[in-house]
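Each remark here refers to the structure printed beneath this line.
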Amino acid sequence: MSLLTSLKEYLPWIQPPLIINAPMSGIAKKQASRCPGGLGQIGYLDDLHALANELEIVKQSLHESNLNVSKPLPIGLGVIVFGSPLEAWLKLFAKYKPAVAWLSFADTKELQEWTEAIRRCSPETRAWVQLGSVRAAVDVARACRPDALVLQGSDAGGHGHESGASVISLIPEVADALSDHGIDGLPLIAAGGIIDGRGCAAALALGASGVVMGTRFLAAEETSIPAIYRDAIFEASDGGEATARSRVFDEIWGPNLWPETYDGRCLKNKVYEQHRSGVDINQIRAWLFSSMNNPAAERLGPKDMGSIWAGTGVGLVKKQDKAEVIVQGVRSNTHRCLERAYLYMG
Ligand SMILES: Cc1cc2nc3c(=O)[nH]c(=O)nc-3n(C[C@H](O)[C@H](O)[C@H](O)COP(=O)(O)O)c2cc1C
């Protein structure tokens, strides 16, 4: 069976390779309707009224593009599960019926509760779970019977498993572990470090049914980020040097609310450097506050004044484009890379 076959049953418009925009919180909005042949997604917002508004905008935009917006709505909707009010979210799922509920950042028990509740209130919606370890993949696959697993490798921008592996070993090890538990045919989606056709072709070779890109979509014209954020992305190079995983990025403005399992990958900044050299977080906060409020103090760059979430692929992201140009470019480049690999094999 082709890697896409089971996904096509409920995402009939998708074309190979399946390209998905990450549901980046507060950032992925309009682009949900601009992923031709792929899966466009809206990212998590804690203000559910604002999120309903974004869903209306995307629905309207899909109408205008003459796409079939009968239910289910042909997009994914991202939920950061820990700490989110299930009942309020269920109302959104029942009303908009997105084709995919993308669930991430919670333990297996919570994910089970969410997948079961979403399936009851919107049977048209398929539950995908993003996670970043072999153990979590097996536990979630057994408990939640998700419709797909998104395997997030350690190169990924944004939050993820603190002790993660890169997709290059994560995907095959998860596939083998699932098979050992008698779970076959569950689509695996690759996330982390995929920026262009080269990364996408590699993910397909690893056995992925599709790829998710977050950092690459930070360059999309439709992405809701300030120009200074985007410029910092374009300026960064050598992603392993320019970014780091740490929990300090969530501690800058107050206590870290994220569960211990997770840290996040951002552009390195002065907060990170101080934290690395052992400065106490309260001292870092005081320094940051006084630097921001005192024009005579040390000059801070945009990446020092907030956390610029980005993955190790950031050095390959160099220019702004429409989301659909990104999707089409990655798709055709993937074909070329696969042809090249095929020729290599003689
Ligand atoms: C700015 C940013 C925000 C993100 N926000 C979310 C989020 O709200 N929910 C989620 O499940 N993943 C989020 N992610 C992680 C993505 O889902 C995905 O795993 C990651 O972007 C893939 O790696 P890449 O950035 O190298 O493409 C975010 C990533 C970035 C870069």
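Report the residues of region 205-222 in range of a label on Gln60: point 7 Å along Cα→C-beta, backbone N strictly under 18 Å from it. Label zone hits: 222.
Helix 197-206 and the long axis of the chain differ in direction by around 60°, with both axes built from C-alpha atoms.
Each stretch of four or more DSSP H residues adds -39500 (n - 2.57); spread over every residue of the chain, this sum gives -12000 deg cm²/dmol at 222 nm. The residue list Ile225, Val58, Trp258 was ranked by how far each Cα lies along the charge dipole of the chain toward its positive end, using unit charges on Cβ atoms, and Val58 comes out on top.
Order His63, His161 by their accessible area, 1.4 angstrom probe, all chains in place, largest first.
The most accessible residue leads, giving His63, His161.
Indicate the gyration tensor shape class of the chain (rounded, prolate or oblate), computed on the Cα atoms with a ≥ b ≥ c the square roots of the eigenvalues: a/c under 1.5 is rounded; otherwise a/b larger than b/c is prolate and the rest oblate. Rounded is the answer for the chain, as its axis ratio a/c remains below 1.5. If you count only protein heavy atoms and use a 1.4 Å probe, how large is the accessible surface of Arg34, to the nearest 10 Å²? So the heavy atoms of Arg34 present about 80 Å² to solvent. Taking amide H positions as modeled 1.01 Å from N, with prolines and chain starts lacking one, the residues under 5 Å from Arg126 and 5 or more places away or on another chain are Val100, Ala101.
Rounded, prolate or oblate, given the Cα gyration tensor of region 227-312, with a/c below 1.5 counting as rounded? In terms of gyration-tensor shape, oblate.
A simple spin-label model places pseudo-atoms 7 Å from Cα toward Cβ; at Glu116 and Ala227 they are separated by 5.2 nm. If you line up the long axis of helix 134-144 against the longest principal axis of the chain, both from Cα atoms, how many degrees apart are they, to the nearest 10? Helix 134-144 sits roughly 50 degrees off the main axis of the chain. Spatial offset of region 197-246 relative to region 1-75 amounts to 19 Å, using the alpha carbon center of each. Placing +1 on the Cβ of every Lys and Arg and -1 on the Cβ of every Asp and Glu, with no other charges, gives region 227-312 a dipole of roughly 80 debye about its Cα centre.
Angle, helix 48-64 long axis vs. longest principal axis of the chain, Cα atoms, 0 to 90°, nearest 10? So the helix axis and the longest Cα principal axis differ by about 50 degrees.
The charge dipole of region 16-165, taken about its Cα centre with unit charges on the Cβ atoms of Lys, Arg (+1), Asp and Glu (-1) only, comes to about 460 debye. Taking the charge dipole of the chain about its Cα centre, with +1 at Lys and Arg Cβ atoms and -1 at Asp and Glu Cβ atoms, the residue from Ala201, Leu131, Ile171 reaching farthest to the positive side is Ala201. Of the cross-linked pairs Lys59/Lys268; Lys109/Lys270; Lys59/Lys319, those separated by over 30 Å at the C-alpha level are Lys59/Lys268; Lys109/Lys270.
Rolled with a 1.4 Å probe across the full set of protein chains, the surface gives Asp107 an accessible area near 90 Å².
So, with +1 on the Cβ of K and R and -1 on the Cβ of D and E, and no other charges, what is the size of the charge dipole of the chain about its Cα centre, to the nearest 20 debye?
720
The fraction of accessible area contributed by carbon and sulfur in region 227-312 is 52 percent, rounded to a whole number (1.4 Å probe; ligands and nucleic acids excluded). Each peptide in 295-304, 35-44 gets a packing score, the mean of other Cβ atoms within 10 Å over its residues, and the list from highest to lowest is 35-44, 295-304. Listed by chain and number, the aspartates and glutamates whose alpha-carbon sits under 16 Å from that of Lys97, ignoring those within fewer than 8 places in the same chain, are Glu54, Glu56, Glu87, Glu116, Glu124, Asp147.
With K and R counted +1 and D and E -1, the other residues having a Cβ less than 15 Å from that of Leu151 yield a net charge of -4.
For region 1-105, GluC sites (Glu not before Pro) meeting the loop criterion (DSSP other than H, G, I, E, B) and having at most 12 other Cβ atoms within 10 Å: Glu9.
The values are calculated or read from the model by the stated rules, or taken from the named source; none is laboratory data. Everything numeric in this text was worked out from a predicted model, so none of it was measured. Don't worry about glycine lacking a Cβ; one is built from the backbone with ideal geometry, like all the others, and counts go over all protein chains shown. To get the accessible areas, we keep the full protein, side chains included, count just its heavy atoms, and leave off ligands, DNA and RNA. Shrake-Rupley method; radii C 1.70, N 1.55, O 1.52, S 1.80 Å.
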